[in-house]
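To start, the structure itself, in structure tokens.
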Amino acid sequence: MRNDVENDDDDDSYPKPVGRRCVFYYGVGHMLNDITAACWFTYLLLFLTEIGLSPRDAAIAMLAGQIADGFATVFAGELIDRFGHFKVWHGAGSILVAISFSSVFGGCLPCKILASCSSVVETVSYSTSAAIFNVGWAATQVSHMSMVNCISLNSSSRVVMTSCRNAFTMVANLSLYAVALVVFSSIKATTHADIENQYRWIAYTSIFIGCCFVGIFHLGTKEPRLKICVHGTSNARIAWAYWFKKVLYYQVGLVYMLTRLVQNVSQVYLAFYVMDDLQMAKSAKALVPAIIYMSSFFVSVIMQEMSWTGQRLKAYYSAGGILWVFCGAGILFLPRNMSAFMYVISVLIGIANALMTVTGVSMQSILVGSDLNGCAFVYGSLSFLDKISCGLAVFALQSFQSSSPKTEEALSTDYISVTRYGLGLLPAVCSLAGVAITYTMKLQTQDSKSLMEPLLE
């Protein structure tokens, strides 16, 4: 059932903006997830193919993780709505992420136990590690994303906190590439053991950096409490059917799914595109992503200083989507002898990613509104679509990649590789579809008068 709130003419009952310190503490809470996710999407396929797995088997390992992540988000959302305690779920998920992530890049333990290097054993081993890691990742993500709605009912504050979170996502990505650059420069890989050692150090360092920020988040952020004045009961859980009857639920779900497809699939194929298609210098493998995330960081910081309405969210999302369409077209047809233009495209991709991600996630806050007792389910169920679709998209592209010709003729100027489709065409199509769906939305920001006590105590 929906929360019915009492009207109050007292101006003090309006939701007030949260302070900058609260925004900062909230924003750093997803750093561990972000830095491990950056490593997951950027280097997992590279790592697995470098140690001998076929592109299809590598994609199976990623798909297993994405499927586990998808189902875990739904269950985590339901349990958080039932029992609350956002910080407990966040902390438990973070611990599981920290423990399990090193095993994703830590070599095949069953292979050593069974004394077998079978591709089947390797694929099962890495798929299992990926699934465990993603279960912890999902618990942390859902608790952190849904928490923003219980910290403040102020629409602009919710967008500001989401923007700050996105800014630290960029910091996490930049930190990863800085670590990777140092590791790849310091440790030369000549054998499978050397390759595993490289990625193991990247994983350990990423975990350490992320855990430091998780500690800051838990020390600085208090457990949010639902303080909504309701007729009858204050903690009645909202049934799933309530959300399924909302048209906006499906619209926001599709937009969020398409936005994550744009960001994640492009991140997976960026390194392949820079090195294989454009044949740029090895430093470009770190420099191009760094430019993207620096650009996104600055845009995210600027977006924190703005006031937001539903129409402004739609306008900025559409601007980012249209910008990605042009970037996708450039990537699809960029010739190798003009590879320097990739640096310009990288700046535009960073701007587009920030515009789409911040506004796409903020649309979920508008969907939730003041219905806080079902917010975790909303974030969990919408993330389910994101995780499954991303895993299937990468699996499909990698399956085709395994049968793609790799001769010199295949690399001629009139050949469009699977990597170009993954980095250029798919994100452009998803962006255009997201813009079309956003145009049909009716987003209304309602700063209700239901706030009787501070949500953060």
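Here residue 250 clears all of (1) at pLDDT below 90; (2) under 21 Å from the mean Cα position of the chain (by Cα) except the condition numbered (1). For residue 416, the requirement of being of a type outside the set (Phe, Trp, Tyr), surrounded by fewer than 23 Cβ atoms within 10 Å (Cβ to Cβ) and modelled with pLDDT of 80 or more is not met.
Scanning the stretch 107-128 for residues that are open to solvent by 20 Å² or more (accessible area, probe 1.4 Å) and touching a Ser or Thr at 6+ places or on another chain (Cβ under 8 Å) turns up 109, 110, 119. Residue pairs whose Cβ atoms lie under 7 Å apart, sitting 6 or more positions apart in sequence or on different chains, and linking a residue in the stretch 279-306 that is of a type outside the set (A, V, I, L, M, F, W, C) to a partner that is open to solvent by 40 Å² or more (accessible area, probe 1.4 Å), are 279/336; 285/275; 293/174; 295/347; 295/351.
Take residue 98 and decide whether it is more than 21 Å from residue 386 (Cβ to Cβ) and open to solvent by 10 Å² or more (accessible area, probe 1.4 Å). So residue 98 fits the description; yes.
Could you tell me how many of the residues in the stretch 19-74 are of a type in the set (D, E, K, R), over 24 Å from residue 178 (Cα atoms) and open to solvent by 30 Å² or more (accessible area, probe 1.4 Å)? Selection size over the stretch 19-74: 4.
Of all residues in the stretch 267-296, those satisfying the criterion of being of a type outside the set (Lys, Arg), modelled with pLDDT under 85 and open to solvent by 30 Å² or more (accessible area, probe 1.4 Å) are 272, 275, 276, 279, 281, 283, 287. Within the set 307, 295, the sole residue that is part of a helix (DSSP H, G or I) and among the polar types (S, T, N, Q) turns out to be 295. For the stretch 334-359, filtered to residues that are part of a helix (DSSP H, G or I), in contact (Cβ under 8 Å) with a residue 24 or more places away in the chain and open to solvent by 10 Å² or more (accessible area, probe 1.4 Å), the residue that is farthest from residue 20 (Cα to Cα) is 336. Just one of (1) buried (at least 24 other Cβ atoms within 10 Å of the Cβ); (2) over 24 Å from residue 149 (Cβ atoms); (3) small (Gly, Ala, Ser) fails for residue 300. It is (2).
The values are calculated or read from the model by the stated rules, or taken from the named source; none is laboratory data. From a predicted model like this one, the values you see are computed outputs, not experimental measurements. Heads up, the Cβs are rebuilt from the backbone with ideal geometry, glycines too, and the neighbour counts pull from every protein chain shown. These accessible areas exclude ligands, DNA and RNA; they are computed on the full protein's heavy atoms, side chains included. Shrake-Rupley method; radii C 1.70, N 1.55, O 1.52, S 1.80 Å.
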